[in-house]
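Report on the structure given below.
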Amino acid sequence: MPRITRAAKHLTHQCTPRPLLPVLVALCFVTLSLPSPVSSQSAADSCGNALSLGSLVPFNTTGLTCFQAWPSQDFILRFGKAASGSNVWSFVLSAPDSGGYISVGFSPTGRMVGSSAVAGWVTAAGAGSARQYYLGGTSSGSCPPDQGKLALARGAAAPTIVSKGSRLYLAFQLAGQPLTDVVYAVGPSGSLPGSNGLLPQHQDMASGTISLSGGSSGGGSPATGGGDGDGEEGGKGNSKRAGEDSGDGDDEGKGERRTSPASASSSGANGGGAFLSSKRRHGVLAVVGWGVLVPAGVALARFSKRFDPFWFYAHVAAQGLGSVVGVLAVVAGFKLDDDEGPVAAHKAIGIVVVVGAGLQATALLARPAKETKARRYWNWYHHNVGRAAVALGVANIFYGLSLANERQEWSYVYGIFVGIFAVVFLVLEEWRRSH
């Protein structure tokens, strides 16, 4: 009997349940560490989900075309006509809230410089701001706020930005046909525009296109590659270039992301890319025509008259070829389709130089004989108009290099050429006078 009693006590001790508190605590920690389905859904956005912004956006956002505009930055763009037959277009740009601004611009050339953009940001206090900018250059001062060519809606439908679920939603409407070349940018984290509204240098940018002919159903094909750097507009070394690859969406897509060669090049920027972009092609033609051939023609006429009639034909050939190349440079400049601010002054000076070249050609046809009294006045006119045109052409080349925001080496190289040319010219002039 004593053995049976001890066995029973031992059995009773083994069957006694252990405390459940540690297990319950562990389950609570596991449950709390799991992501909440509601918060995950609100922090993400995709074209498969309808926008649920309600009255936060001042226009109807249903039925808009949607595509992933910038995959590397998770930019999603929705757009479409506000109503059938209307010329008002609605846009909603969705992007992660990284503590900086987001922007989308419309460009006549595919590059950031010269485009008009809408940028928006939300402060830490929750105050949002959305404004239009004209991107006239690569510095903050050259991108003034509340300027641009977009006919944005005003009043209750003015551009707005909403922060919801760790994402920003930049919404705006514009009247008229939008340009299909678009540029995207994201500002540096924790750096927002100040009281003057000037945007800090973007952290990253990319360019792409949209198709306006697809209606309101379906979406675009996201492109491979993309902007992981400063891109066209010359970032200050904060990150890599805005991508070298291009992506082509299908023809029926409503939008597609690409990096155009023009925007990935250094036209108007620091860095590499295609050497002869449109802007650089304009600059090279101007330097060769107005900056080298035309001054060389002046020097031939000034110091080679002892080799008659060689000097005359060499002068005419150099001036004629230089003027043709210079006119081609002016035509290439007008194709850049940028006529704002300083660029307009650069174009005006170029037109004056072309007019001066035309007057010189006209004067050649009306040149009086050497024996006549009128020849003296003709010489005075021909020499001074030519000198003024050459001086304006050379000055405009330096002005254009500064507007293009090229590396300083370009200005230095041409400046050295002009300096050497001037020294040689003065030496030859002194030799001519002494002999």
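The values are calculated or read from the model by the stated rules, or taken from the named source; none is laboratory data. If you're wondering where the values come from, they're calculated on a predicted model, not measured in any experiment. Here the Cβ is made from the backbone with ideal geometry for all residues, glycine too, and neighbour counts use every protein chain on show. SASA here: full protein model, heavy atoms, side chains in, ligands and nucleic acids out. Shrake-Rupley method; radii C 1.70, N 1.55, O 1.52, S 1.80 Å.
Of the residues Ser84, Ser90, the single one that is crowded, with 23+ Cβ neighbours inside 10 Å and farther than 14 Å from Val186 by Cα is Ser90.
Pick from the range 154-170 the residues that are among the small types (Gly, Ala, Ser) and in contact with a helix residue (DSSP H, G or I) (Cβ under 8 Å, 6 or more places away or on another chain): which of them is nearest to Gly99 (Cα to Cα)?
Within the range 154-170, the match that is nearest to Gly99 (Cα to Cα) is Ser166.
One line per residue, one yes/no per condition, for (1) over 24 Å from His315 (Cβ atoms); (2) over 28 Å from the mean Cα position of the chain (by Cα):
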{"site": "Lys347", "(1), (2)": "yes, no"}
{"site": "Val354", "(1), (2)": "no, yes"}
{"site": "Glu371", "(1), (2)": "no, yes"}
{"site": "Trp378", "(1), (2)": "no, yes"}
{"site": "Val390", "(1), (2)": "no, yes"}
{"site": "Val394", "(1), (2)": "no, no"}
{"site": "Glu409", "(1), (2)": "yes, no"}
{"site": "Phe417", "(1), (2)": "no, yes"}
{"site": "Ile420", "(1), (2)": "no, yes"}
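Scanning the range 328-348 for residues that are out of contact with any Gly (no Cβ under 7 Å at 6 or more places or on another chain), open to solvent by less than 60 Å² (accessible area, probe 1.4 Å) and at pLDDT 85 or above yields Ala332, Ala345, Ala348.
Looking only at the range 115-144, which residues are closer than 27 Å to Lys279 by Cα, among the β-branched types (Val, Ile, Thr) and at pLDDT 90 or above?
Pass one, the range 115-144, residues closer than 27 Å to Lys279 by Cα: 115-119, 132-144.
Now narrow it down to the ones that are among the β-branched types (Val, Ile, Thr): 118, 138.
Hit for the range 115-144 is Val118, nothing else.
Criterion applied to Leu168, Leu135, Leu150 was being over 30 Å from Ser402 (Cβ atoms) and buried (at least 17 other Cβ atoms within 10 Å of the Cβ), and the one residue passing it is Leu168. Mind checking which residues of the range 156-165 are open to solvent by 30 Å² or more (accessible area, probe 1.4 Å) and closer than 11 Å to Gly126 by Cα? Once the filter is applied, which keeps residues that are open to solvent by 30 Å² or more (accessible area, probe 1.4 Å) and closer than 11 Å to Gly126 by Cα, the range 156-165 yields Ser163, Lys164. The set of residues in the range 373-409 that are in a helix (DSSP H, G or I), open to solvent by 60 Å² or more (accessible area, probe 1.4 Å) and touching a residue at least 60 places away in the same chain (Cβ under 8 Å) contains only Arg387. Within the range 300-353, the residues that satisfy the criterion of being in a helix (DSSP H, G or I) and of a type in the set (S, T, N, Q) are Gln319, Ser323. Could you say whether any residue in the range 307-315 is farther than 30 Å from Arg111 by Cα and in contact (Cβ under 8 Å) with a residue 60 or more places away in the chain? So far as the range 307-315 goes, no, none of its residues is farther than 30 Å from Arg111 by Cα and in contact (Cβ under 8 Å) with a residue 60 or more places away in the chain. Consider the range 136-153 and keep the residues that are out of contact with any helix residue (DSSP H, G or I) (no Cβ under 8 Å at 6 or more places or on another chain) and of a type in the set (Ser, Thr, Tyr). The one that is farthest from Ala345 (Cα to Cα) is Ser140.
Look at (1) open to solvent by 30 Å² or more (accessible area, probe 1.4 Å); (2) at pLDDT below 90; (3) within 24 Å of Phe67 (Cβ to Cβ) and you find that Met112 fails only one, number (1). Return yes or no: is Ile351 open to solvent by 70 Å² or more (accessible area, probe 1.4 Å) and of a type in the set (Val, Ile, Thr)? Yes.
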